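Please read the structure below before turning to the comments.
The values are calculated or read from the model by the stated rules, or taken from the named source; none is laboratory data. Everything quoted here is computed from the prediction, not taken from an experiment. Ideal geometry is used to build each Cβ from the backbone, glycine not excepted, and the neighbour counts take in all protein chains shown.
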Amino acid sequence: MACNYSTVSLPCVGKVALAPIESPTLNTNLNYISKSNTIKTLSTTVSLEKAPIIGKFGSFGGKFVGEVLMSPLAELEAEFNLVLLDHEFKMELVCAMRDYVGRETPLYYAKKLTDYYKNINGEGPEIYIKREDLSHGGSYKMNNVVAQAILAKRMGRKTVITATSTGHHGVATAAVCAKFSLDCTVYIGTKDMLRKPSNVQLMELLGAQVKPVDGGFQAAASESTRGWMENLQTGYYLSGTAVGPHPIPTMVREFNSVIGKETRRQAMEKWGGTPDVLVACVGTGCNALGLFHEFVGDKHVRMIGVEGGGVGSKTDELHSASLVRGEIGVYHGAMCYLLQDEEGQITKTKSVASGLEFPGVSPELSFLKDAGRIECYSVTDKEALDAYKRLCRLEGIVPALEASHAFAYLEKLCPTLPNGVKVVVNCSGNGYSDVTTVVNSIPVNEI
Amino acid sequence: MAFSSSSSNLTAYTATAITKPSSSPVIRFNKASTFRPKPISISCVMTQQSTNSSAAAVEDTAALRPDPLGRFGKFGGKYVPETLMYALSELETAFRALATDYEFQKKLDGILRDYVGRESPLYFAERLTEHYKRPNGEGPEIYLKREDLNHTGAHKINNAVAQALLAKKLGKERIIAETGAGQHGVATATVCARFGLKCIIYMGAQDMERQALNVFRMRLLGAEVRAVHSGTATLKDATSEAIRDWVTNVETTHYILGSVAGPHPYPMMVREFHAVIGKETRKQALEKWGGKPDVLVACVGGGSNAMGLFHEFVEDKEVRMIGVEAAGFGLDSGKHAATLTKGEVGVLHGAMSYLLQDDDGQIIEPHSISAGLDYPGVGPEHSFLKDIGRAEYHSITDEEALEAFKRLSRLEGIIPALETSHALAYLEKLCPTLPNGAKVVLNCSGRGDKDVHTAIKHLQV
């Protein structure tokens, strides 16, 4: 899929004109239209082994950053490679995950949800929920933040710098920095501060310094990179998204992959096999990759990413479905699928779930999509809200609005699945803080 | 260390059952004299020395907790209208049968593991431990039992889940519960959704206004929330209304009481369902340091999370147990909820226990910044443990609790519930007195996301 001559904003560099980017050379039959919602069913000759740690996933990924960041990123990569083999690091991480974060999270058989999707003959798939909502902080985000904080301490850093969109990543970072006695600075866009002011209060309570930046997440991310650059010796940039220059996508995926590893073991215990279908919501792709990565080599395991479809699927309506409807571009230092207009400008995104409102998506997921290994769909705000309410009523579990997108897709998926198929849905976070949004969307007389 | 127990010195009380239609069916004691129990001052060191009588009492604890009539010493019992006696006996019989019901135990264990997320970790709070080290580097080690990581964010779900399973076994389709701030209501609504039971929650009208978000949550989970306008429209009135509903619908309805208060067999049942906290703690303590905890600390409102932690260790005399209540604006201000410190013996909601009452035996409206501790009574077993000297009870003001709330957030990145913050605040007084290396286990009974607005308002962070 070729892009036109485009202008992109690179952090610390400013606007850069890019030469036309070639479509990924994957030996695939590229007769698909990226804006469609259909599964890519054409075969591919690309090896689906896990991408080696060299920064590229096919032609996605990379390090599209200013020169001054190349050295710190190389240092981070070297340290990351070391810790992967370091027994002490692993022990410290395992202990923190168990006692602080509360892992392992259960794989819960959702009987009432399963019964709900049974057809007239009483047949249907079995739905299991991976309970990342039970982690400390209420979402899977701790997995990555805790590991990176331990890494920062190993590197002798005193300050952690990060940017957050809705504040959830900011809160997780602030909490972990408090625990590890690291100074924490969180950059957040003023627009986002207005949407979730309670998260700002939480960050300050946890001892972080919150720096408002005029604009949205894009501005906050640029400012935070600038902040990091002023402080390269003692500062550590803690990325919360799977979109960024190498080694960030790989790091975030590795640290979240504990989700998939636990799922494999729990599936073996529960039914003596692997899951048949994995479903997860996709904002930048962290939680999805965390679940999927372990199973990429198991070709019979189907993987489904569900993005935010916003209000609807008409072209003029705002949404956040980067994989389904985006085109290839460079965002935050990595080549990936990206929501952009004809001139290559980043388009505005919108979703009822603010955590999905990201115009770019993980380069690794972009690669897996092109290779046909994952399927990508989107659901509308209304479908997600209905799924939120459904899970509350049926299982007494309150999913985050982001995770609700994954649950919403079950409506379309389950009727197509044979009897007894094992579906694992990643409940990436709890939705107690989304109650106001949900209630505001319900007509008053229906509450 | 010396203390005096007032339990043997009470003068005769005349009991009259007063059931006015518009007020709660509480049996009040008209005092025959102006006797007040002597204030008890307990200052303990590591090794507790008790008098002979209380030593014997401690030995007898196993036999008396509770006795066949549902009493803990003289506390507890079943002070309820005749209509409820059968339901309570039926409940007790069903509960006792569970001890040998392998299927039930297996099902409950599965739910606690996969739905609630047990076992909750025993977390070594390194920075908090550092904070309490004395200048010479000595101090106790603080461990937090992380009940805040449970599904719904508090310990309450342990009991709610087990009682819902029990209700299903009894063939009851309808569940009622009372709630103050909404936490127990949310836990009950949650399990009712999970088990397909009809759920009605009674909540004081004043509380409903203060906790609108929790009301929405309960409704989203499929529960019906009924406002109670009688009395002061708060928790104690909601409890009375729930009891009234139960009296009317006892054949079809199970009442999920949220704490270790209420008529027998509730204090025993709720304690047993929460006892998993203490059982896990014993196992985890053995794994972590090869021994038992030296001190257990927990906040006390009704007393369920504290009993859940303490129960396992009551027979272990070297384990010190400390319950922390809410002193609100201060013990002398009259605006507090320190039942075991300032209360007197009476009957509330079906059980004899300490409670906050005025000279006429009317319930005093309690106050605490934390809604979960804002209860004028306390579980009868706590009253018993206090009287025999097995557990100590102290109190912490709103201000001290808020400081502790902020302290744990800043030191460990864990935001505790304001209820839990009371227990955390007591560490300020406790730790300087403890020898080096003493193992303190504090029950982190809930998470504090729900309290951030309140805290910020008061703290002006």
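The table for this structure:
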quantity: Test: B:Lys107 is in contact with a Leu (Cβ under 7 Å, 6 or more places away or on another chain) and either facing chain A (nearest Cβ under 9 Å) or of a type outside the set (A, V, I, L, M, F, W, C) (or both); calculated: yes
quantity: Residue in region A:408-424 that is over 20 Å from A:His319 (Cβ atoms), within 14 Å of chain B (Cβ to nearest Cβ), crowded, with 23+ Cβ neighbours inside 10 Å and not small (Gly, Ala, Ser) present; calculated: yes
quantity: Of residues in region A:132-179 being β-branched (Val, Ile, Thr) and not in a helix (DSSP H, G or I), the one nearest to the other protein chains (Cβ to nearest Cβ); calculated: A:Val160
quantity: Residues located in region B:48-90, provided they are surrounded by fewer than 19 Cβ atoms within 10 Å (Cβ to Cβ), modelled with pLDDT of 85 or more and among the charged types (D, E, K, R); calculated: B:Asp67, B:Lys74, B:Glu82, B:Glu90
quantity: Candidate set from region B:189-201 (those that are of a type outside the set (A, V, I, L, M, F, W, C) and either more than 23 Å from the chain's Cα centre (by Cα) or more than 10 Å from every other protein chain (Cβ to nearest Cβ) (or both)); member that is surrounded by the most Cβ atoms within 10 Å (Cβ to Cβ); calculated: B:Arg194
quantity: Residue within region B:258-268 that is surrounded by fewer than 24 Cβ atoms within 10 Å (Cβ to Cβ) and assigned to a helix (DSSP H, G or I) present; calculated: yes
quantity: Leading residue by the ranking (nearest to the other protein chains (Cβ to nearest Cβ)) among those in region B:166-183 that are of a type in the set (Gly, Ala, Ser) and more than 16 Å from the chain's Cα centre (by Cα); calculated: B:Ala167
quantity: B:Arg271, sole failed condition from (1) in contact (Cβ under 8 Å) with a residue 40 or more places away in the chain; (2) farther than 23 Å from B:Pro376 by Cα; calculated: (2)
quantity: Lone unmet requirement of (1) more than 10 Å from chain B (Cβ to nearest Cβ); (2) closer than 30 Å to A:Arg195 by Cβ for A:Ile129; calculated: (1)
quantity: Boolean, B:Lys439 is more than 20 Å from B:Val300 (Cα to Cα) and free of Cβ contacts under 8 Å to residues at least 12 places away in the same chain; calculated: no
quantity: Members of region A:183-224 found to be within 21 Å of A:Arg157 (Cβ to Cβ), without any contact (Cβ under 8 Å) to a residue 40 or more places away in the chain and within 14 Å of another protein chain (Cβ to nearest Cβ), listed by number; calculated: A:Asp183, A:Cys184, A:Val186, A:Met203, A:Leu206, A:Gly207, A:Ala208, A:Gln209
quantity: Region A:255-273, residues that are out of contact with any Ser or Thr (no Cβ under 9 Å at 6 or more places or on another chain) and over 21 Å from A:Asn144 (Cβ atoms); calculated: A:Glu269, A:Lys270, A:Trp271, A:Gly272, A:Gly273
quantity: Qualifying residues in region B:207-221 (those that are in a helix (DSSP H, G or I) and more than 7 Å from chain A (Cβ to nearest Cβ)) - the one farthest from B:Leu149 (Cα to Cα); calculated: B:Glu209
quantity: Qualifying residue in region B:302-310 (condition: surrounded by fewer than 20 Cβ atoms within 10 Å (Cβ to Cβ), in contact with a strand residue (DSSP E or B) (Cβ under 6 Å, 6 or more places away or on another chain) and not aliphatic (A, V, I, L, M)); calculated: no
quantity: Flag for A:Thr114 being within 14 Å of chain B (Cβ to nearest Cβ) and outside any helix (DSSP H, G or I); calculated: no
quantity: Test set (1) away from every other protein chain (no Cβ under 14 Å); (2) crowded, with 24+ Cβ neighbours inside 10 Å - B:Val186 fails condition number; calculated: (1)
quantity: Positions within region B:99-128 being more than 23 Å from the chain's Cα centre (by Cα) and crowded, with 19+ Cβ neighbours inside 10 Å, in sequence order; calculated: B:Asp114, B:Ala125, B:Leu128
quantity: Among (1) within 14 Å of another protein chain (Cβ to nearest Cβ); (2) out of contact with any Gly (no Cβ under 6 Å at 6 or more places or on another chain), the one test that B:Gly204 misses; calculated: (1)
quantity: Residue selected from region B:390-417 under the condition β-branched (Val, Ile, Thr) and away from chain A (no Cβ under 13 Å), by the criterion nearest to the chain's Cα centre (by Cα); calculated: B:Ile396
quantity: Pair list, Cβ under 8 Å, 6 or more apart: region B:206-228 residue over 15 Å from A:Val439 (Cβ atoms), other residue surrounded by fewer than 20 Cβ atoms within 10 Å (Cβ to Cβ) and of a type in the set (S, T, N, Q); calculated: B:Gln206/B:Thr232
quantity: Test result for B:Ser370, surrounded by 24 or more Cβ atoms within 10 Å (Cβ to Cβ), closer than 25 Å to B:Arg210 by Cα and touching a residue at least 40 places away in the same chain (Cβ under 8 Å); calculated: yes
quantity: Flag for B:Val276 being within 16 Å of the chain's Cα centre (by Cα) and either under 20 Å from B:His367 (Cα atoms) or surrounded by fewer than 24 Cβ atoms within 10 Å (Cβ to Cβ) (or both); calculated: yes
quantity: Matching option when the condition is under 11 Å from the mean Cα position of the chain (by Cα), more than 21 Å from B:Ala187 (Cβ to Cβ), β-branched (Val, Ile, Thr) and buried (at least 24 other Cβ atoms within 10 Å of the Cβ), among B:Val297, B:Val324; calculated: B:Val324
quantity: B:Arg134 being more than 10 Å from chain A (Cβ to nearest Cβ), touching a residue at least 40 places away in the same chain (Cβ under 8 Å) and part of a loop (DSSP other than H, G, I, E, B); calculated: yes
quantity: Any chance A:Ser322 is out of contact with any Cys (no Cβ under 7 Å at 6 or more places or on another chain), free of Cβ contacts under 8 Å to residues at least 60 places away in the same chain, buried (at least 20 other Cβ atoms within 10 Å of the Cβ) and not charged (D, E, K, R); calculated: yes
quantity: Qualifying residue in region A:324-347 (condition: of a type in the set (Val, Ile, Thr), touching a Phe, Trp or Tyr at 6+ places or on another chain (Cβ under 6 Å) and assigned to a loop (DSSP other than H, G, I, E, B)); calculated: no
quantity: Residue match in region B:222-238 (condition: part of a helix (DSSP H, G or I) and within 14 Å of chain A (Cβ to nearest Cβ)); calculated: no
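For every residue, the table says whether it meets (1) assigned to a helix (DSSP H, G or I); (2) under 19 Å from the mean Cα position of the chain (by Cα).
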{"position": "A:Glu364", "(1), (2)": "yes, yes"}
{"position": "A:Asp386", "(1), (2)": "yes, no"}
{"position": "A:His405", "(1), (2)": "yes, yes"}
{"position": "A:Gly420", "(1), (2)": "no, no"}
{"position": "A:Val424", "(1), (2)": "no, yes"}
